[in-house]
Structure formats: C-alpha cells, structure tokens
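A quick write-up on the structure given underneath.
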Amino acid sequence: MPAYAGPAAPRSSDVAGTLKLLAYLALSVSLIVLDHRGDWLAQARGYASVAMQPVWWLAGLPSRLGESMRDDAATRARLSEENRLLRNELLLAAARQARLQVEAEENARLRGLLGAAERGGLDVQLAPILDVDLDPTRQRLMLNYGARSGVRRGQAVIDAGGLVGQVIEATPTTAVVLLITDPDHAVPVAVARTGVRLIVYGTGRSDVLELRNVPLSSDVRVGDILMTSGLGGRFPPGFPVGTIAALRPDDSRAFLVGDVDAAAQLDRGRDVLLLRDQAPVGAAPPGAGDAAGAAPSGDAPR
C-alpha cells in the first residue's frame, strides 16, 4: 500500500490563469466606471462608426448599383412608351389639323362660288367634281351630276374666278365638261376696256390660254381683262375668261399673239357652278364648235 503523499501543490499555470481573470475583471470594472463617469466609450464608438462608414458604403455599393440600374431601366421603358404615345398623338393632331385646313380652304372656295353667284344674280347649280383629266391633249372634268339632276349638254360652267368650260356630254348620273384650256376649245371674248372682239384658244395647259391673229392695229394691251362676248350663243356675255399676260408678233409679223392667264381656277377646287338660265343648245351643229367654243358631241373623257 502506497504511502500517503498529502495535498497536491497548486500548479503555476492555474495560478497564472486566475491572475489574468482577475486582471480582466478589474479592467472591465474600471472601464465601466470610467464610461459611466466620462462617457468616453460612446465617443470611441462614434469615432469607430465614422471610420467604418466607407466600409459600409462600399459594402452597400453593389446593392445600390443594382437598384439604380433597375430604376433606370424602368424609367427608360416608361419614357420610351410615353414618347411613342406622344408621337402618335402628335401625328394624329397634325393629320387632323391638315384635314381641318383643307376643309377650311374648301369652305372658302365654296363661299367664293356662292358669293359670285349671288353677286351676279345667277341661276346656278352647284355640282361636285368626280374626276379630272388634265392631259395636254385632253382637258376634261367629270361631274357627279347628270341628266337626272337637270344637267344638259351645252351648259356653261363657271367658278368664283370666271369661265371654266361647257358640258359636252350628260349621262343620267354624270356629265363631262370640256375645259376652256382644251386644245380643241375656243371662246369668243371681248376686251373689257375697249370692247375689241377676239377669240381665245386652249393650249393644253391648265393655267394659260392663247390669243391668235390679233390685228396690229387693235387696241389691246398687256393687263387687259377678257370677258365672254356672247357671240355664237354658247356662253352668256360678261363672264371673265382671263387677263392678257404677254403680247408678241407672230411669225408673219402681220398679227399679234398673246398669252392669257385663265381667270378660273381650273386646276383646283372640288365643285363648279352650272348656269341654268341658258336655252338648250344641244341642236347646235358640230361645225359651230370652232366659232363658239363647242366640241363635237361624241367627245368624251378617256
């Protein structure tokens, strides 16, 4: 049986650990007391928080960038859609404005037509234009009115400016108008200033007529207004036909040739006026066309 050795001696490591624990406890108590009295730990925490803010900012940067990109994408999509809608609205508004402008101009032309008829005390019929043929060799209008509406062959056609032409064919629902600018058309006219009688011929252009075989001794000047003379019975007298724009000698130097600006707006408008106070002239001989502005009865638009 072993001999009794007595109580074990304390080890040095245990003593050192105990001393460290006591030192830490003392330090903790001291720090608590100092913080309670001087509040210096709160200041230290504040300084540490300030020092750590860049780190926190860098740590949150990816999240902020992602959120910003999402917001930018959503904003771009919303702005793109708004721009598309605004462009569509702008185009629609422009189309409406253009249509209103056209309607306003057309109303102004209609008022001009009706005003001309009222001022002259004329018995007229407003007829809409269905088709236009302004070929250089063929100047025609087709009206959306015909014999059923009282249109008859030989009726004179005018607008707010002056003489347009004459009806050369009338079906039950449509009518064909030979324009004064047709190469086969001639109109007896008189100079408003002097009463000199001349004949104006079509040229195949919608804005220019021609005077031919004007005697050198005639009192005719540039700027003179030409009116229908009433000769031949085809057109009533007193309707404007055009204004002399230029005069020059012909090739023989024995006569003058003149350019005439048409008074009527032959290349625009959607309506014309048919004179209804004329006697029918359907029985006029075909050969009378050259003297009084008539066209062969079989002539029709292509």
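No value in this document is a laboratory result; all are computed from the given coordinates. Since we're looking at a predicted model, the values are computed, not measured. No Cβ is skipped: glycine too gets one built from the backbone with ideal geometry, and neighbour counts run over all protein chains shown.
Listed values, structure above:
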item	result
Computed FRET value (nearest 0.05) for residue 16 with residue 56, which takes r as the C-beta separation and R₀ as 45 Å	0.65
Debye, to nearest 20: dipole size of the range 165-267, +1 on Lys, Arg Cβ, -1 on Asp, Glu Cβ	360 debye
Protection-proxy order for peptides 234-243, 57-66, each taking the mean of Cβ atoms within 10 Å per residue, highest first	234-243, 57-66
Built amide H within the under 5 Å cut-off of residue 257, gap 5+	248, 250
Additional length obtainable on full extension of the chain from residue 171 to residue 251, 0.36 nm per residue less Cα span	24.4 nm
Placed amide H near residue 208: partners under 5 Å, 5+ positions off or other chain	262
Placed amide H near residue 130: partners under 5 Å, 5+ positions off or other chain	142, 143, 144
Alpha-carbon spread of the range 124-292, three principal axes, descending order, Å	50, 28, 27
